[in-house]
Every structure is written in structure tokens, then in C-alpha cells.
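Every read-out reported here was derived from the displayed coordinates using simple, explicitly stated rules and does not represent laboratory data. Here the structure is a predicted model, which is why all the values come from computation and not from measurement. We place every Cβ from the backbone using ideal geometry, glycine too, and count neighbours over all the protein chains shown.
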């Protein structure tokens with residue numbers, strides 16, 4: 001029987017086209033769904049929970065639930081279905097949807113809705129949900145309200161196939177499907193939920209081509225420049241890509257500048273501490289380090305100092321390499337967009353190398369960068385052997401990470417501390433994640449929970465107190481996450497506002513910017529059955545870290561009790577030590 005003839009039989013079960021959404025998802029290889037409680041979404045919930053190939057989990061806080069789904073999709077590299085009831089519930093997904101959009105993470109957001117005639121009629125849990133996420137989704141789809149006509153059945157099927165494919169097409173991202181549902185929402189007594197045996201699945205194929213025809217021309221362009229810089233942005237760990245970039249840099253004597261979110265710490269030659277020395281080295285040295293050709297790929301970088309350096313010393317050419325999608329002009333110097341897979345791009349351009357005098361000139365450039373990194377390492381060598389401070393403890397935590405783990409970095413000071421400490425080349429098994437799409441603090445813990453639920457790999461989150469307590473509902477669920485470890489730096493406020501110019505010297509700073517608070521994680525840990533370890537002295541550090549990194553079937557929180565004044569002084573001391581290295 002053909003699909004469209006079969007579709008006529010679906011009228012026997014009024015909600016059959018909605019139930020078949022689960023079957024379409026499963027046929028596309030989707031295996032995880034995050035559901036939020038509600039009545040209007042009952043048909044979607046029943047369909048997904050009844051499907052044998054889809055694992056479902058429920059979270060009561062929609063904001064946290066969406067970040068959990070984001071973490072799951074980030075870990076599995078597959079779309080995750082996210083479902084909520086009608087009304088303001090959908091708005092609570094918005095921060096994570098925006099984060100997924102800018103990080104290019106596939107989410108299938110199903111927002112249950114009331115029938116259109118009830119919008120703006122003061123009916124309960126009814127708002128204007130169509131296209132609620134605006135420009136922060138790859139696409140918006142509205143399902144028909146009538147499921148009885150064969151054309152409607154066909155239309156729902158087509159929309160679901162299109163939405164799933166769109167979420168995975170380059171660049172990946174979230175897609176909203178608004179689902180108006182009319183009562184009754186629950187199956188009749190004795191009715192069993194089943195799935196149609198022959199739902200139509202529309203598949204797509206993606207062919208990534210090498211930039212072969214461009215290769216010779218680009219080789220000629222590269223040969224003109226003696227100062228070539230390669231800078232990866234935030235991306236997943238990709239060992240084959242690292243090999244190709246290293247080969248390219250060796251052949252063309254290019255400098256590789258990589259922050260902690262690029263996951264390029266496995267490269268021996270990567271410049272990891274540019275953020276530190278570019279802030280202290282002075283204008284003359286900055287001029288000597290300025291690239292003539294900048295090649296970038298991946299997403300954003302952390303360092304404001306590096307961004308300012310490149311904006312103030314603009315390269316002659318800036319190429320950005322990506323398979324497809326939009327490219328921002330972060331450094332105000334973009335001259336060429338190369339639509340190619342980065343690995344194939346660097347592989348194609350690693351066949352020729354410069355010779356003679358041109359090669360000698362090129363060799364000087366990476367040596368200049370390495371000299372500044374070496375100077376920074378010498379200057380700071382003794383700093384981390386000093387007194388007990390949050391910065392120093394973060395260094396010990398990062399040095400003690402398991403050989404294979406996911407390191408999650410919350411925004412504000414946590415990600416900056418980690419970037420300054422850096423990861424070593426031998427820590428190739430540490431894969432770094434952070435919500436740097438929007439750089440908000442709102443879902444950092446929930447994202448790490450999402451990773452923990454979909455992988456047995458140890459997940460270690462380094463976070464500050466405001467991010468941690470804001471997202472406390474990340475623990476409000478019934479699922480075990482024994483592979484999750486949380487390092488909480490609690491200095492009782494948003495200390496970053498004491499570190500940056502502007503708010504630090506304002507009389508309103510403590511209350512309105514730093515937002516001082518007196519909470520600790522001890523009672524939260526008791527409430528959610530989490531093992532709690534307090535670290536407040538240097539003497540406790542060794543034993544506390546040993547206990548913390550013992551994976552014995554428990555979720556654990558290590559709370560570093562810190563003081564804002566001491567933390568600020570310690571951070572300023574670190575910067576002054578680096579600056580002093582340029583005065584000698």
C-alpha cells in the first residue's frame with residue numbers, strides 16, 4: 001500500500017499523525033527527547049514515551065531542560081527533541097535555543113499550542129507562540145490544526161522531515177515546530193498508542209568537496225606572505241584536523257594561536273597564552289607579532305586582548321574556512337570566505353613549502369610568538385606555588401583532570417581562569433566545552449548534566465557561584481549522574497566586575513554589579529543527595545582533590561571557599577608579574 005493511500009486510514013485514530021512524529025524522529029536516528037510536564041503537550045509526550053527507540057527524560061524547569069537537551073545534542077552530535085506545553089513555557093526555552101543557534105547545535109523544539117482561534121482570547125496558558133524565537137532558530141514551522149484530511153497528514157509528515165533535516169544541515173542549529181492541539185488531548189480508555197508501519201522518511205545526502213581548484217591559487221597567495229597566522233575558534237576535539245593544521249603550519253612556517261575552547265591543546269606548537277602576553281607586551285612587540293595573512297576556522301574565541309590586537313593590527317588578508325553558513329567579521333579584516341571542510345582545506349594546502357630566503361623569513365615569525373610565550377611561562381613559573389587562592393586551586397584542578405574527560409567551563413571568570421592556565425599537549429583526552437554562543441551564565445550546569453546523561457565519560461564543570469546558584473534546578477530531576485563533578489568557586493558574587501575597568505570603582509558595584517550573596521552549596525548538596533567537599537585551606541587541597549576525582553558512583557561538588565579581595569589581589573599580582581617580565 002502506498003503512503004498516501006495508507007494516510008487515508010489514519011483518520012481512524014485522530015491523533016495518529018501526531019503519534020507518528022515519534023516514528024519519523026526515530027527513523028531519522030533521533031534517540032533522545034527531553035520533555036517538560038504539561039497537559040497541552042500530552043499527545044507529544046505519550047508518543048515519545050511510547051516509542052521503543054527513543055529515550056525520554058522529564059525536567060520540571062523548562063529553562064534548565066533546554067540546556068540539558070543542548071548538552072545531550074552537543075555530546076551525541078544528534079538532534080534532541082525538546083517538548084513543552086503551551087504558554088510561557090516556550091519562552092523559558094529561549095536562552096538555550098539562542099545558545100544552540102550560535103553554537104550550531106541541533107535541537108528539534110516542539111512547542112505545544114492552543115488552537116489559533118483561542119489566541120488573544122484570555123484563555124489559559126495561551127500566548128503568541130508562532131516564531132517565538134525569532135532569528136535565533138534556523139527555521140520555524142507551524143503544523144496544521146486539522147489532522148483528518150489526507151493533505152494535512154501529508155503536510156505534517158513533510159514538515160517533520162524538513163525540520164529534522166534542516167536542524168542537521170550545515171550549519172546545524174535549532175528548529176521550532178509549533179504544534180496546535182485540540183482537546184481531547186488524551187487517548188480514550190483502552191486505546192493503545194501505536195505507530196504507522198510505513199511513515200515516509202525524506203533523507204538528504206551531503207557531499208563535502210575539497211577546494212582542489214582553488215588550491216594552486218591559494219598556495220601562490222600564501223607564498224607571498226612571511227607572517228601567516230592560523231587561529232581556530234571554538235569547536236569539538238578533532239585529532240585528524242589537528243594533524244592537518246600542524247602539517248600546514250610546519251610546511252608554511254605559520255603560527256598556530258589557539259585558546260582553550262579551540263580544543264587544539266593537543267598540538268605541541270600551539271601558542272596557548274596569547275591572551276596573557278598580548279595585554280602586557282607593549283605596542284612595539286605587538287607590531288612584530290601582527291600577521292599579514294590570518295586563516296581562521298571554527299566559531300568564536302575567548303580573548304578580548306587577541307580580538308583587540310587583530311583589530312588594531314589588521315592583516316592584509318583574512319580567510320575564514322567553513323563548509324557553509326554565515327561568517328561574522330569579528331576582526332574587521334575579512335577578505336575571503338572559503339566554503340570547504342577545514343580538514344580538507346589544510347590537507348590540500350599542505351603539498352608545497354617555501355624554500356630559500358622566503359622560508360627563512362617565514363621561520364622568524366613563529367619564533368617571535370614562541371619567544372613571547374616562553375617569556376610568559378618563565379615569568380609566571382613561581383606564581384602558582386604561592387598562597388591559597390581560587391586561581392591557584394583552578395590550576396591544580398586542571399592539572400589533576402582524568403586522562404579522558406569532558407571539561408565544562410562556565411562563563412565569566414571560570415572560562416578565563418581556565419584559558420590562562422591552559423591545557424598541556426599531553427592532555428589530549430580532555431575535551432573542552434562552554435556555552436560561548438551567547439556567553440551567558442544561565443545554563444552552564446544543565447548543559448554539563450545533559451552531557452553526563454548521554455555518556456559515561458567523566459564530566460567536570462568549573463563554575464562560579466552566580467552561575468551555579470542561578471542554575472540550581474539542573475539537579476532537580478530523578479536521574480543519576482555519577483560521572484558529574486562540579487568545581488564551585490564561591491567568592492560570594494560576580495567577581496569579574498571587580499576585575500574589569502568601569503564597575504570596579506563605582507560605589508554601586510557591590511550591590512548592583514558584583515551582586516554579593518552569602519549562599520553555599522552545602523545545603524543544596526544535602527537536598528539533592530550529592531557528596532559535598534569544602535576546600536578552604538591549602539592544607540586540604542591534595543586530599544580534597546583525591547576524593548573529588550574518585551569516581552565511586554556519586555555526584556560530587558567541590559566548593560572552593562574564596563574571598564573577593566584576596567582573589568582580586570592575586571589576579572592583579574599575576575598580571576603584574578607578567579608585565580614585569582617585559583621590564584627586565
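So what's the angle, to the nearest 10 degrees on a 0 to 90 scale, between helix 94-103 and the longest Cα principal axis of the chain? It works out to around 50 degrees.
By the helix-only formula, in which each DSSP H run with n ≥ 4 contributes -39500 (n - 2.57) and the sum is divided by residues, the chain has a 222 nm mean residue ellipticity of -11000 deg cm²/dmol.
Between helix 150-168 and the chain there is an angle of about 10 degrees, using the helix long axis and the longest principal axis of the Cα atoms. For the modelled label position 7 Å from the Cα of residue 77 along Cα-to-Cβ, which residues of the range 424-460 have backbone nitrogen atoms closer than 17 Å? Answer for the range 424-460: 429-433, 451, 454-457.
Ranked by the mean number of other Cβ atoms within 10 Å of their residues, highest first, the peptides 422-431, 339-348, 279-288 fall in the order 339-348, 422-431, 279-288. Cβ-to-Cβ counts within 10 Å put 303, 262 in ascending order as 303, 262, the fewest first. Could you let me know the centre-to-centre spacing of the range 44-61 and the range 97-156, using Cα atoms, in angstrom? When both Cα centres are located, 19 Å separates them.
Peptide packing: for 551-559, 196-204, the average count of neighbouring Cβ atoms within 10 Å per residue gives the ranking 551-559, 196-204, highest mean first. Rounded to the nearest 10 degrees, the inclination of helix 62-76 to the longest alpha-carbon principal axis of the chain is 70 degrees. Full extension of the chain between residue 554 and residue 400 yields a length gain of 53.6 nm, computed as 0.36 nm times the residue separation minus the alpha carbon distance. Computed extension length for residue 203-residue 288: 25.4 nm, one decimal, from 0.36 nm per residue of separation with the Cα-Cα distance subtracted. Note on the range 522-571: the alpha carbon radius of gyration divided by the globular reference 2.2 N^0.38 Å gives 1.31. With kT/(6 pi eta Rh) evaluated at 10 °C and eta = 1.306 mPa s, and Rh the Kirkwood radius from Cα pairs, the chain diffuses with a coefficient of 61 µm²/s according to Stokes-Einstein. Just the number, please: percent antiparallel of the DSSP beta bridges in the range 384-580, rounded to the nearest 5. Of those bridges, close to 0 percent are antiparallel. Each DSSP beta bridge with both residues in the chain is either parallel or antiparallel, and the antiparallel ones are about 0%. Report note on the peptides 448-460, 368-380, 57-69: ranked by the mean count of other C-beta atoms within 10 Å, highest first, their order is 57-69, 448-460, 368-380. Cβ-Cβ distance of residue 351 and residue 456, R₀ of 35 Å, FRET efficiency by 1/(1 + (r/R0)^6): the value works out to about 0.30.
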